[in-house]
Amino acid sequence: MKRLYLKVGDKVRHLKYFSWGIGEVVEEKHSDLPGGFCFVRIAFQDGDERSFINDLNNELCCYYTGIKLIDEHNIWKT
């Protein structure tokens, strides 16, 4: 069973790449095949869109690589 981290509309920041700015999840893709990947596409303020794995059960999930949600209690919010 996949455990998804992000959904369309979520605002995020990368903990290492501050120059990217704030990003917004603009697309989710899910594989119906067993063992298939789940991806999100994030549009960042620097004008680039980047894709990340979105399954918390995968060690390469965007959460583990530095993508963090921004919410009303987050110090990274600008």
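So which lysines can Lys68 reach, going by Cα to Cα under 16 Å and dropping same-chain residues fewer than 8 places off?
List returned: Lys7, Lys11, Lys16, Lys77.
For Cα extents along the principal axes in Å, several values are listed as [x] 39, 24, 20; [y] 37, 19, 17; [z] 34, 27, 19; flag the one computed from this structure.
The value matching this structure is [x].
Ranking request for peptides 1-11, 25-35: highest mean number of other beta-carbon atoms within 10 Å first, then the rest in descending order.
By packing density, highest mean first, the sequence is 1-11, 25-35.
What are the aspartates and glutamates whose alpha-carbon lies under 20 Å from the alpha-carbon of Lys2, with same-chain residues fewer than 8 places away excluded?
Asp10, Glu27, Glu28, Asp32, Asp55, Glu59
Given Phe18, Phe39, Thr65, which one lies farthest toward the positive end of the charge dipole of region 10-69, if we put +1 on the Cβ of every Lys and Arg and -1 on the Cβ of every Asp and Glu?
It is Phe18, whose Cα lies furthest towards the positive end.
Whose amide H sits under 5 Å from the amide H of Asp55, counting only residues 5 or more places off or on another chain, with H placed in the peptide plane?
Cys38, Cys62
May I ask you to give the solvent-accessible area per residue for the chain, in square angstrom, as obtained with a 1.4 angstrom probe?
66
Along the Cα→Cβ direction, 7 angstrom out, place labels at Lys16 and Asp46. What is the inter-label distance in nm?
Each label point lies 7 Å from its Cα, and together they span 1.2 nm.
The values are calculated or read from the model by the stated rules, or taken from the named source; none is laboratory data. Everything numeric in this text was worked out from a predicted model, so none of it was measured. Reconstructed Cβ throughout: ideal geometry from the backbone, glycine too, with neighbour counts over all protein chains shown. Remember, those area values only see protein heavy atoms, side chains included, never the ligands or the DNA or RNA. Shrake-Rupley method; radii C 1.70, N 1.55, O 1.52, S 1.80 Å.
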